[in-house]
Amino acid sequence: ATLGSARRGTVPLAARYRARGDARLFGVPAAKADVRVAARLIDSLSAWRTGNWEEGARIAESMLTMLAEAGQTGTHPQLVTLMTRTEIEFYRQDIFAFEMQLRRCRAVASELGEAGMRCQFDLLEVILAAARGEIDDAEARVAELKRVWPSSVRTFQRMLIDSIGSNVRALRGDAHGAHAEFQRSLHEHRAYRPLGNMYSGFSAAWGAMIEVMALRAGVPTASARRARYYARLSDALPPLAPGRVLRALAYLAEFEGNEGHALELLARAETTALGVGHRLDAAIARYQRGLRLGGNEGEALMMSASALVAEAGASNVWLDEIPRVPPSRVRRLQ
């Protein structure tokens with residue numbers, strides 16, 4: 001229920017299930033460590049559904065300690081907990097910590113001989129390569145995953161692969177390809193509700209960005225209305241990428257000729273991203289605002305943005321997210 005809900009904050013159905021489970025235990029902590037960990041996993045997920053990464057990480061580490069004390073290292077419960085711990089670092093955009101946690105996951109998976117979660121691990125490696133600015137490597141990894149998980153067989157894994165693949169195309173600057181793949185993925189994998197689960201705020205934010213990139217690149221099927229729909233959707237979901245949503249709206253405003261509003265939105269994007277600990281998103285917004293302001297102020301913003309990206313452990317490639325629209329190409333709405 002927690003993973004399947006797209007709403008922000010506490011999930012009432014999950015809370016009811018949790019209460020029923022506690023009642024069955026008669027208020028006594030479960031004797032088995034894996035049962036106690038399952039209950040704490042809900043607490044960890046609930047924390048980072050609201051952007052409380054520190055609390056989510058703290059609970060996940062306590063779960064790992066609980067399993068170690070029970071002698072359950074090198075087990076599936078430990079691996080699932082480590083995966084949750086790794087995702088927290090990804091979603092709070094601490095690339096150094098993300099890489100460290102991913103290595104912990106890989107070590108336990110190797111010890112356990114676990115192959116069932118291999119696709120998730122491989123996708124996290126794609127994301128890590130992209131964060132480092134290694135776009136060629138990320139694209140090669142996506143291509144290999146598509147070979148292993150063919151589109152002829154509809155799977156949840158293939159939905160994730162196509163979604164991440166469209167993001168990598170966007171990072172490459174391939175607006176046409178990213179837009180086509182994102183739209184195709186939504187249609188082909190609609191049975192898996194790609195915009196209707198806990199992680200959908202991340203997907204919808206990328207959808208808004210890709211839609212605006214496509215508009216600016218002249219893709220005939222791109223739509224400002226659709227971009228705003230994705231933005232509204234992401235805004236109502238767990239805050240996995242609020243800064244990206246505001247940047248997409250800023251680039252849309254600029255494309256429509258409202259450069260003043262675009263600058264306001266970029267400033268809000270930076271503040272909002274910092275509010276949820278997203279240093280990479282904050283740095284991109286700061287850099288793009290500096291790029292548009294120009295002069296000494298703009299140069300200072302761009303320099304501090306580069307420092308912030310390095311602090312997050314990411315590549316400066318991310319800063320060049322989207323070029324400023326030349327005045328001659330601005331679309332003036334009638």
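The values are calculated or read from the model by the stated rules, or taken from the named source; none is laboratory data. Worth saying up front: this structure is predicted, and the values here are computed from it rather than measured. For neighbour counting, all protein chains shown are included, and Cβ atoms are generated from backbone atoms with ideal geometry for every residue, glycine included.
Before moving on, here are some points about what is shown:
- Given (1) buried (at least 19 other Cβ atoms within 10 Å of the Cβ); (2) within 17 Å of L124 (Cβ to Cβ); (3) of a type in the set (A, V, I, L, M), index of the condition A107 fails: (1)
- Among the conditions (1) surrounded by fewer than 16 Cβ atoms within 10 Å (Cβ to Cβ); (2) at pLDDT below 90; (3) assigned to a helix (DSSP H, G or I); (4) under 24 Å from the mean Cα position of the chain (by Cα), the only one that V35 does not satisfy is (4).
- Filter result for I95 (in contact (Cβ under 8 Å) with a residue 24 or more places away in the chain, under 26 Å from P242 (Cβ atoms) and surrounded by 19 or more Cβ atoms within 10 Å (Cβ to Cβ)): yes
- Verdict on R141 being charged (D, E, K, R), under 20 Å from the mean Cα position of the chain (by Cα), in a helix (DSSP H, G or I) and crowded, with 21+ Cβ neighbours inside 10 Å: yes
- For F90: the one exception among (1) assigned to a helix (DSSP H, G or I); (2) crowded, with 22+ Cβ neighbours inside 10 Å: (2)
- Output for region 147-189, where each listed residue is of a type in the set (K, R) and out of contact with any Gly (no Cβ under 7 Å at 6 or more places or on another chain): R147, R154, R158, R172, R184
- Matching residues, region 266-300, being more than 20 Å from G51 (Cβ to Cβ), crowded, with 24+ Cβ neighbours inside 10 Å and either without any contact (Cβ under 8 Å) to a residue 40 or more places away in the chain or aromatic (F, W, Y) (or both): L266, Y287, R289
- For region 303-312, the tally of residues that are surrounded by 19 or more Cβ atoms within 10 Å (Cβ to Cβ) and either assigned to a loop (DSSP other than H, G, I, E, B) or among the small types (G, A, S) (or both) stands at 2.
- Qualifying residue in region 78-86 (condition: in a helix (DSSP H, G or I), modelled with pLDDT under 85, under 30 Å from A191 (Cβ atoms) and not aliphatic (A, V, I, L, M)): no
- Restricting region 189-215 to residues that are part of a helix (DSSP H, G or I) and among the charged types (D, E, K, R), the residue that is farthest from the chain's Cα centre (by Cα) is R190.
- Residues satisfying the stated conditions in region 219-256, i.e. in contact with a Gly (Cβ under 6 Å, 6 or more places away or on another chain) and not small (G, A, S): Y230, L237, P238, P239, L240
Here's the yes/no breakdown for (1) hydrophobic (A, V, I, L, M, F, W, C); (2) touching a Pro at 6+ places or on another chain (Cβ under 6 Å); (3) touching a residue at least 24 places away in the same chain (Cβ under 8 Å):
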{"position": "S163", "(1), (2), (3)": "no, no, yes"}
{"position": "V168", "(1), (2), (3)": "yes, no, yes"}
{"position": "A191", "(1), (2), (3)": "yes, no, yes"}
{"position": "G196", "(1), (2), (3)": "no, no, yes"}
{"position": "G201", "(1), (2), (3)": "no, yes, yes"}
{"position": "A208", "(1), (2), (3)": "yes, no, yes"}
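- When we screen E54, E61 for residues that are more than 29 Å from I284 (Cα to Cα), at pLDDT 90 or above, more than 16 Å from the chain's Cα centre (by Cα) and among the charged types (D, E, K, R), the only hit is E61.
- Exactly one residue among E270, E321 is of a type in the set (D, E, K, R) and in a helix (DSSP H, G or I), and that residue is E270.
- Pick from region 119-143, criterion among the acidic types (D, E) and touching a helix residue (DSSP H, G or I) at 6+ places or on another chain (Cβ under 8 Å), ranking: farthest from S306 (Cα to Cα): D122
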